[in-house]
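Okay, structure first, notes after.
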Amino acid sequence: MVATTGRKPIMTLFSGGYCLQSHICRVVLFEKEVEYHNEQIESSATPNEMAEFNPYNETPTLVDRSLVLYGTQIICEYLDERLPHPPLMPVDPVNRGRARLMILRIQRDWLEAVGSVDLANNKKLDSAAKQSIRDGLISISPVFAEQTHMLGNEFSIVDCFMGPLLWRLPILKVTLPKQAAPALNYAERLFARPAFIASLSEAENEMRG
């Protein structure tokens with residue numbers, strides 16, 4: 001994102017065009033309507049300045065003045081605290097704990113498998129991972145017949161993690177049956193949000209034509 005006010009953006013996000021974890025961070029940044037510079041990393045060869053910031057030399061990496069952060073959840077929670085409006089984490093500690101646990105499960109059960117696939121070079125998700133994602137989304141689908149988002153009827157940080165995964169289902173060759181219609185409707189609600197549309201990289205736009 002390029003600043004629209006003429007001021008130099010304070011934050012820089014080192015972000016991969018196909019990187020699901022980077023996409024999550026961009027969704028949060030656009031939900032917060034923050035001006036930032038997106039340093040697009042188009043290949044596995046990362047620039048020297050990023051290597052200075054992140055010992056793992058990976059995306060996403062956020063630089064905010066003298067602070068450098070990496071790890072998707074760390075970045076997202078920092079942005080929510082740094083830029084409190086609109087809030088994405090629940091206010092009370094019990095529901096914050098639930099949100100963090102939900103994110104942990106999403107990361108471990110689905111996102112880690114997707115993140116290991118080189119979508120830029122048309123690599124495929126293995127059948128076990130596809131089945132896990134499919135079965136998981138089918139199992140949670142009834143929830144969306146009763147509520148509009150993962151934590152209830154309010155958009156939250158958990159939805160920021162779900163949107164980029166759901167967007168990639170076609171390219172991952174994960175097809176959901178009719179019984180998962182509530183989950184597919186939930187996905188369309190996320191995709192229609194202005195912040196989600198703005199967060200899409202060129203490569204991500206091409207994933208769905």
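Structural remarks
- DSSP beta bridge pairing in the chain, given as percent antiparallel to the nearest 5: 60 percent
- Here the stretch 144-209 is treated as an ellipsoid with the same Cα gyration tensor; its semi-axes, largest first and in whole Å, are 20, 16, 9.
- Kirkwood Rh (inverse of mean 1/r, distinct Cα pairs), the chain, angstrom: 17.6 Å
- Cα-projected label distance for Ala198 with His37, points at 7 Å along beta-carbon direction, nm: 1.9 nm
- Amide H contacts of His37: Met11, Thr12, Leu13, each under 5 Å away and 5 or more positions distant or on a separate chain (H built 1.01 Å from N in the peptide plane; Pro and chain starts excluded).
- Summed residue charge, Cβ within 9 Å of Leu13's Cβ, Lys/Arg positive, Asp/Glu negative: 0
- Within the stretch 65-98, the trypsin sites (Lys or Arg not before Pro) that combine a DSSP coil assignment with at most 16 other C-beta atoms in a 10 angstrom radius are Arg65.
- Separation of alpha-carbon centers, the stretch 105-120 and the stretch 177-202, rounded to whole Å: 18 Å
- Alpha carbon Rg of the stretch 93-198, scaled by the compact-globule rule 2.2 N^0.38 Å: 1.05
- Filtered GluC sites (Glu not before Pro), the stretch 89-183: DSSP coil and at most 11 other beta carbons within 10 Å: Glu146
- For the stretch 110-126, 3J(HN,Hα) per residue [Karplus equation, 6.51 cos²θ - 1.76 cosθ + 1.60, θ = phi - 60°, Hz, x = Gly/Pro]: 10, 5, 4, 5, 5, x, 7, 8, 7, 5, 4, 10, 6, 6, 9, 6, 5
- Computed extension length for Asn95-Met207: 37.0 nm, one decimal, from 0.36 nm per residue of separation with the Cα-Cα distance subtracted.
- Cα-based Lys proximity count in the chain, under 19 Å, for pairs eight or more positions apart or on separate chains: 5
- A simple spin-label model places the labels of Ser116 and Arg65 4.0 nm from each other, with each point 7 Å out along Cα-to-Cβ.
- Mean residue ellipticity at 222 nm, helices only, the chain: -13500 deg cm²/dmol; runs of at least 4 DSSP H residues each add -39,500 (n - 2.57), and the sum is divided by the number of residues.
- Full extension of the chain between Ser132 and Leu104 yields a length gain of 8.5 nm, computed as 0.36 nm times the residue separation minus the alpha carbon distance.
Computed from the coordinates by the stated procedures, all read-outs in this text should not be read as laboratory data. Everything numeric here is computed off the predicted structure, so don't read it as measured data. Methodologically, a virtual Cβ is constructed for each residue, glycine included, from the backbone with ideal geometry; neighbour enumeration extends over all protein chains shown.
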